[in-house]
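Contents: one structure, followed by commentary.
The values are calculated or read from the model by the stated rules, or taken from the named source; none is laboratory data. Just so you know, these numbers come straight off a predicted model, no measurement behind them. Don't worry about glycine lacking a Cβ; one is built from the backbone with ideal geometry, like all the others, and counts go over all protein chains shown.
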Amino acid sequence: MWHIAKRELYDNLNSLRFALATFLLLGLMLTNAVVHLREHPERVQKYIENVTAHQNRLKSHANASFYELAQKGPGTLHKKPSALHFCAGRGEAFLSAHVSSIQSWSWQERGLEGLWSLWYPSATPNRNNVDPDVTKVDWGFIIGYVLSLLALLFTFDSISSEREYGTLRLMLANAMPRHTVLIGKFLGALISISIPFTLAVLVNLLVISTSSDAYLGADAWGRLGIIYFIALLYTCLFLALGLLVSARVQRSAVSLVILLLAWVTLIVFMPSTLASIAGRSLPLKWERVSQRERRAEYNKHWHEAHGDQRKQLQLSGEYVTKDAEQRERLHEAHLKQGISQVNRARSITRFSPGTIVEHLLESFAGTGFERHLQFLENVQSYARQFREFIVDTDSADPESLHIFGVREGVSQKSVNPETVPKFEDTRNFRRDFDAAAMDLLLLTLFFVVFLSGAFLVFVRVEV
Amino acid sequence: MLTTLIRRELLDNLMTFRFAVAVLIMLLLVVANTAVLLKDYEQRLTLYNDAVKTHQQQLQEKKTYSAGITYAGEMRIDRPPNPLSIFNTGFDKRIGNKVTVSHTYVPSLWDSGWHGSNPFMDMFASMDIAFIFEVILSLLALVFAYDTLAGEYEHGTLRLILTHSVRRGHILLAKYISAMLCLLVPLLMSLLLAVILLTTTPSIFLNTDDFLRIGGIILASVVYLSVFYLIGLLISAATRRTSTALMLAMFVWGFLVLVYPNVILAVIPRPEAPQTRAASAFGQIQQIWQVEFSGELGHFLTTNASPEIDWDLGLTGSGAEPYAYSWKDPQTLYYSFENIFAFEGFDEKEEHKIPHAQSYFRFLGRLVTRTADQTWLIRKPALEDIFIHPANVKRIWLKLSPVGLYDAATQAWAGTDLHGARDFFDAARRYRQEVIDALYDKEAFGSRQWFSSDKGAADWSILPQFSFQRADVNTNAKRALPDVSILLMINIVIFILIFLIFVKSEV
């Protein structure tokens, strides 16, 4: 078996395709590294600026008064950019990098202003963008498209050409079981394609890690290792597919045509076609908040309670808090609709191994949709924490009336800025892995199916 | 002799397995995708119709002119989806498709919004027929071409043919013509099916112009196909061995189709920071609004018959509170001033202020319109410099690959290119002018309905209707033909190259 693998390897190393593949992969990975070094520092810089601005805002509100802090809320919360943005950064542009807490109205007559509620803005990078539409070159692109194509180019003729030349018959005339031949060929192809790929990856990482701007921590290196193995598994899948077709078809040219068309369908067309079938971008429904009626009702009660100031305060507080709750509920429902549509489209596009590997890379690189959901969860749990903090601080003040939403109803003291909870956008490796487990299994399943298919075909085929 | 050669080649090609696979895959992909794309188009059409209806309703709900005709107001116009976007989506699904019409600013692409769908779904790449052709046609052409000459060298059949008194040029021509004829079969069949699906869709009406545009797309596709066939032939003639030719052809394909279009924009140097240009232009615009405009307004307020310094004229009444606001965005150089009054009634004692308010708004309407037009003269070239020129440079870089040329050409034919997208905003600007003319004609600026609905609400029917016609087919052709001609030129150059190599080569 090793003998065959070695022979394959030597064959490949001297071939034109090996040289071209090395050249192509190196070029792409270098481009990727250079672009990352150009863009990442800016991204990090912007994030740091945003976070500082956010903290200053919190501080100034806390110093001003408790009411200010409670009413204006935590401000804009920013998503921490991933250090592995170069691995899978294509989807990031379409996901908003922040969630804001907004105050939507003020009612000067009554001296009221809206209580903050979370608002999830959507990123629409294309609306005013006149640049031509191109895919960003990240590892996802290099692995998903280029590496899979190379895997097919390395295997399309591995069995059919031996049959064409008659060397297969010669080989099998020795006491050599067929599965050994198949595995040997598979390993040979795998090693010969992982040489240029590993080389390119190393050059890429070398360039990136020489710069201090794009620091990779221990966690990032671990994730990179996993990504590397995912890439190899994905390559194996296409090598197996190549062997399958190559064993079945008599002539190499035909084998190549079939493989290329299969590749184009699986990798290029299936993801977008399936997504558009699944999502068909249904419009999201916005329920309208009927301010007018609620305001009229509040006005009525308020006038009824004429003279009773505490009652009026309570009514105002109730109106303000209810309004904020309603807004937040609406925003959340809207967000959920959008997310469930995307999730549906994402699960349907899993029929394509290209999409699976993209999801996997995104999970481990800490970018993309799963990561966005994690960020949203972080934001929501922080919002809860913030609200608890407000309630606790207020109840600690014996002079307060504990009526939220109105200036007179809450504690009049200022707040120590140090005690205000800070937003931390953390990532959980276990969660990433849980999200990826399904995709990982699917990818392995694809691989096993193709490899056993190749085995069955090769064992039964006449030489 | 030539016909004999062509017939032989044709038979050779038609009988192959790869031909059958090519036809099948092509038909399958194009038909399936056209069906999906048509559904998508219908969806967008429904969204568009809904949007138009809601915008009209919302406008009718506004009781005063000043509340409706503002940047934040309800006077919105929408861009209908382009039925030919199924051939090349281009900017049709990307650029904003609704824009507010107001005398307070001149609308442009950068002020547009979006009606409809879930913005998260932009994450998924969209697909169109041109993309299928870009990928598949080029692949098929190369697969058909790689062994035409190299195979004959290897098998020695070329020597056999040349022992007859056949000219080498004829052999080349025969091979080219017959292969192109073969490749045209899947191309035309799939396009024909797409067109049939298109015409049988009840919500789409195609006119003669549209058929001419589709003809243009077919022409571009044929020329594109030919480029890749010739590239394959060139490789085949130069390498003389099928296996080498095949590998080389595949890598060339991967480079031209997959790598180059996506890598090149990341590699080229980024344009000089347009920030300074934006800042200076925005400074000028701000200057005009804050100094000239405010000065004139202040002058009017203080010298008017009943002097009043505040913009709200001291008017009080029932209904929404009046407000004045300057919207600005330094990124897109947007700046406008609006003054919205939506009273529903006044006290008796306020009545003497009404004529004064009317003359104020008559003056303000003219002043705002004039200032908006004046700032547009600064904003327009600045926007061109900041956004359009860098994008055009990128577009030129992309056109160094035949894929980019083909994409540009089909976009231009379908009318979904940047020009096509900007046509809508040109129409929006014309419509704004019409609206302003109508407002002048009916004396709307100086009318009581401008700021109050107590003596009858604003009559929105005085305004003209907006309708958007896509550019005519001549314009499309003018935009597409340069790219198609370049593709043709590439064809000729490669053909000459092949001829030179083939004639000089030893058999």
Q. Taking the condition buried (at least 22 other Cβ atoms within 10 Å of the Cβ), more than 13 Å from chain B (Cβ to nearest Cβ), over 30 Å from residue A:135 (Cα atoms) and charged (D, E, K, R), does residue A:8 pass?
A. yes
**Q.** Hits in the stretch A:405-452 - residues which are modelled with pLDDT under 90 and of a type in the set (Phe, Trp, Tyr)
**A.** A:423, A:429, A:433
Q) Identify, please: which residue in the stretch B:30-52 is within 10 Å of another protein chain (Cβ to nearest Cβ) and hydrophobic (A, V, I, L, M, F, W, C) and is, among those, nearest to residue B:88 (Cα to Cα)? A) B:37
Q. Since residue A:129 meets every condition but one in (1) farther than 30 Å from residue A:430 by Cα; (2) part of a helix (DSSP H, G or I); (3) among the polar types (S, T, N, Q); (4) under 30 Å from the mean Cα position of the chain (by Cα), which condition does it not meet?
A. (2)
Q: Could you tell me which residue of the stretch A:199-235 is modelled with the highest pLDDT, considering only residues that are touching a Ser or Thr at 6+ places or on another chain (Cβ under 9 Å) and assigned to a loop (DSSP other than H, G, I, E, B)?
A: A:216
Q. In this structure, is residue B:313 at pLDDT below 80 and crowded, with 22+ Cβ neighbours inside 10 Å?
A. yes
Q.
Go through the stretch A:143-189 and report how many residues are without any contact (Cβ under 8 Å) to a residue 24 or more places away in the chain and either within 14 Å of chain B (Cβ to nearest Cβ) or within 30 Å of residue A:362 (Cα to Cα) (or both).
A. 2
Q: Might you check whether a residue that is of a type in the set (Phe, Trp, Tyr) and modelled with pLDDT of 85 or more occurs anywhere in the stretch A:373-381?
A: yes
Q) For the stretch B:260-269, how many residues meet the condition of being facing another protein chain (nearest Cβ under 7 Å) and either within 20 Å of residue B:234 (Cα to Cα) or not polar (S, T, N, Q) (or both)? A) 5
**Q.** Residues located in the stretch A:1-33, provided they are in a helix (DSSP H, G or I), modelled with pLDDT under 90 and either under 32 Å from the mean Cα position of the chain (by Cα) or among the hydrophobic types (A, V, I, L, M, F, W, C) (or both)
**A.** A:2, A:4, A:5, A:9, A:13, A:16
Q) How about the stretch B:235-247: which of its residues are surrounded by fewer than 22 Cβ atoms within 10 Å (Cβ to Cβ) and either more than 9 Å from every other protein chain (Cβ to nearest Cβ) or at pLDDT 90 or above (or both)? A) B:238, B:239, B:240, B:241
Q. What are the residues in the stretch B:136-160 that are more than 10 Å from chain A (Cβ to nearest Cβ), assigned to a helix (DSSP H, G or I) and of a type in the set (A, V, I, L, M), if any?
A. B:137, B:141, B:145, B:150, B:158, B:160
Q: Name the one entry in B:223, B:185, B:195 that is within 24 Å of residue B:400 (Cβ to Cβ) and part of a helix (DSSP H, G or I).
A: B:223
Q | Candidates B:4, B:16 - the one that is within 11 Å of another protein chain (Cβ to nearest Cβ), out of contact with any Gly (no Cβ under 7 Å at 6 or more places or on another chain) and more than 21 Å from residue B:194 (Cα to Cα) | A | B:16
Q. Quick check: anything in the stretch B:443-459 modelled with pLDDT of 90 or more and either over 30 Å from residue B:209 (Cβ atoms) or touching a His at 6+ places or on another chain (Cβ under 8 Å) (or both)?
A. no
Q: Could you check how many residues of the stretch B:14-34 are surrounded by fewer than 22 Cβ atoms within 10 Å (Cβ to Cβ) and hydroxyl-bearing (Ser, Thr, Tyr)?
A: 1
Q) Regarding residue B:363, is this residue in a strand (DSSP E or B), of a type outside the set (A, V, I, L, M) and at pLDDT 80 or above? A) no
Q) Among the residues of the stretch A:171-185, is any crowded, with 16+ Cβ neighbours inside 10 Å, at pLDDT 85 or above and within 30 Å of residue B:255 (Cα to Cα)? A) yes
Q) residue B:282 versus (1) surrounded by fewer than 21 Cβ atoms within 10 Å (Cβ to Cβ); (2) part of a helix (DSSP H, G or I); (3) under 30 Å from the mean Cα position of the chain (by Cα): which is the lone unmet condition? A) (1)
(Q) Within the stretch B:430-449, take every residue that is polar (S, T, N, Q) and in a helix (DSSP H, G or I) and give me the one that is farthest from the chain's Cα centre (by Cα). (A) B:449
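Residue-by-condition table, conditions (1) within 11 Å of another protein chain (Cβ to nearest Cβ); (2) under 30 Å from residue A:85 (Cβ atoms); (3) modelled with pLDDT under 85:
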{"residue": "A:325", "(1), (2), (3)": "no, no, no"}
{"residue": "A:328", "(1), (2), (3)": "no, no, no"}
{"residue": "A:331", "(1), (2), (3)": "no, yes, no"}
{"residue": "A:335", "(1), (2), (3)": "yes, yes, no"}
{"residue": "A:343", "(1), (2), (3)": "yes, yes, no"}
{"residue": "A:349", "(1), (2), (3)": "yes, yes, no"}
{"residue": "A:355", "(1), (2), (3)": "yes, yes, no"}
{"residue": "A:359", "(1), (2), (3)": "no, yes, no"}
{"residue": "A:363", "(1), (2), (3)": "no, yes, no"}
**Q.** Total residues in the stretch A:68-102, condition in a helix (DSSP H, G or I), in contact with a Gly (Cβ under 8 Å, 6 or more places away or on another chain) and within 14 Å of chain B (Cβ to nearest Cβ)
**A.** 2
Q) Tell me, which residue of the stretch B:111-159 that is at pLDDT 80 or above and among the polar types (S, T, N, Q) is surrounded by the fewest Cβ atoms within 10 Å (Cβ to Cβ)? A) B:157
(Q) Report every pair of residues separated by at least 6 positions or lying on different chains whose Cβ atoms are under 9 Å apart, first residue within the stretch B:210-229 and surrounded by fewer than 19 Cβ atoms within 10 Å (Cβ to Cβ), second at pLDDT below 95 and among the polar types (S, T, N, Q). (A) B:212/B:476
Q: Evaluate the following for residue A:260: is it assigned to a helix (DSSP H, G or I) and either within 14 Å of chain B (Cβ to nearest Cβ) or modelled with pLDDT under 80 (or both)?
A: yes
(Q) Can you confirm whether residue B:70 is more than 11 Å from chain A (Cβ to nearest Cβ) and within 30 Å of residue B:322 (Cβ to Cβ)? (A) yes
Q: Mind listing whichever residues of the stretch B:118-135 are within 10 Å of another protein chain (Cβ to nearest Cβ) and within 16 Å of the chain's Cα centre (by Cα)?
A: B:126, B:127, B:128, B:131
Q | Test for residue B:25: is it part of a loop (DSSP other than H, G, I, E, B), within 12 Å of chain A (Cβ to nearest Cβ) and among the β-branched types (Val, Ile, Thr) | A | no
(Q) If I filter the stretch B:412-464 down to residues being surrounded by fewer than 23 Cβ atoms within 10 Å (Cβ to Cβ), away from chain A (no Cβ under 14 Å) and among the basic types (Lys, Arg), which single residue comes out as nearest to residue B:93 (Cα to Cα)? (A) B:429
